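Worksheet: the structure to be examined is printed underneath.
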Amino acid sequence: MSTDAVLRVRNLSVGFRIPGGSMQAVDAISFDLRHGETLGLVGESGSGKTLTSLALLRLLESPPAEFSADHVTFEGRDLQSLPEAEMADLRGARLSMIFQEPMTSLNPLMSIGRQIDEPLVRHLGLNHRAARHRTLELLARVGIPRPEAAAQSYPHQLSGGMRQRVMIAIALACRPAVLIADEPTTALDVTIQAQILELLRELQDELGTAILLITHDLAVIAEAAHRVAVMYAGRIVETGPVAQLFRAPLHPYTEGLLRSIPRIARIREAELPEIPGVVPAPGTLPPGCAFAARCAFAAPKCIAERPTLAPTGTDREVACWNPRNG
């Protein structure tokens, strides 16, 4: 894994126009994604993970979406200033994404084979015969039995897990430099989930692909990621290598997420540990730390003043006035 960043994001914000003003959903987040690395982006539903990925690929319609950043660079190119035609050349080729909802992401009027053929013809210039041969290879590689029959099927004829694997095949078709994987194993059983994670690792080993892995499942992060960025209420509150963060979380929110993981030793407990309260809705964040109302360690400063994401050691950052293991 290289220490050079293939994707650099600085102060990316995403908002939406609403009657009477605007609503901020992602608030000035920054991170680097390195060659051959898997960076896990983790947090509760509604924390802004998927919006971040869609903003990176410029897939949010504006208006109503409004986004800004100091810069978002991919292989040294500023994605914000690229003409749409050049951005379209990157999407699905050098920059690819596994979408979270395969039923709504796949075209119901096109066969599975045609949907995988399309980026191969569009980006790699393959003729239709060569594209179909590659499509069948991809379907087999993601674990779909009888690839020829699957290629002739339509999305509604496949199970949710099969559709998810088709999405993965489309995303891998052009051997991307950066793969954004938004909950890539949600609809899959444990056995297939392990196979898909292994497939992503093989892609990294073969091509040096950098993966932004978006999930709420810390078990997937522990299995597949090298580093992790924890999001809460549209902000990154902690980053670090996976092993260090799991062993000694710094932010109380990260600590709460890890404590909430079901474990066999707790099987006889009446209730699993949980984080009290709910994530504040976008546009209603308090002036201080967004987690303060749910935090057992909050001090007056936490309520009044927002902490910034600051280094705490080698490759670790936290946005907290009272880090737990600092």
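Derived scalar couplings between HN and Hα for segment 209-216 equal 4, 8, 10, 9, 9, 9, 6, 9 Hz in order, rounded to whole Hz, by the Karplus curve 6.51 cos²θ - 1.76 cosθ + 1.60 (θ = phi - 60°), x for Gly and Pro. Taking θ as phi - 60° and the Karplus parameters 6.51, -1.76 and 1.60, the scalar couplings of segment 298-308 work out to 5, 10, x, 4, 5, 6, 8, 10, 6, x, 9 Hz in sequence order, x denoting glycine and proline. Backbone geometry of segment 284-289 corresponds, through the Karplus equation with coefficients 6.51, -1.76 and 1.60 at θ = phi - 60°, to 3J(HN,Hα) couplings of 10, 5, x, x, x, 5 Hz, x marking Gly and Pro.
Around the amide H of residue 211, modelled in the peptide plane, lie the amide H atoms of 37, 38, 39, 179, all under 5 Å away and 5 or more residues distant in sequence or on another chain.
Look at the Cα gyration tensor of segment 201-316: its axes a ≥ b ≥ c give a/c of at least 1.5 with a/b at or below b/c, and that counts as oblate. Sorting 93-99, 78-84, 166-172 by average packing, meaning the other beta carbons within 10 Å per residue, from highest down gives 166-172, 93-99, 78-84.
Each Cα pair under 8 Å and six or more residues apart adds its sequence gap; the mean of these over the residue count of segment 112-221 is a relative contact order of 26 percent. Its relative contact order, with pairs defined as Cα atoms under 8 Å and 6+ residues apart, puts the chain at 20 percent. Label point of residue 130 set 7 angstrom out along Cα-Cβ; within segment 155-187, amide nitrogens under 15 Å from it belong to 174-175.
Put the Cα centre of segment 45-111 next to the Cα centre of segment 279-305 and the gap is 30 Å. Ordered by 1.4 Å accessible area with all protein chains kept, 165, 122 run largest first as 122, 165.
Under 9 Å from the Cβ of residue 13, count the other residues' Cβ atoms, weight Lys and Arg +1, Asp and Glu -1, and hand me the total.
With Lys, Arg at +1 and Asp, Glu at -1, the neighbours total -2.
Ranking 205, 32, 4 from most to least accessible surface, computed with a 1.4 Å probe over the protein chains only, gives 205, 4, 32.
The values are calculated or read from the model by the stated rules, or taken from the named source; none is laboratory data. Keep in mind the model is a prediction, meaning the values are calculated, not measured. Ideal geometry is used to build each Cβ from the backbone, glycine not excepted, and the neighbour counts take in all protein chains shown. Heavy atoms of the whole protein, side chains included, go into the accessibility calculation; ligands, DNA and RNA do not. Shrake-Rupley method; radii C 1.70, N 1.55, O 1.52, S 1.80 Å.
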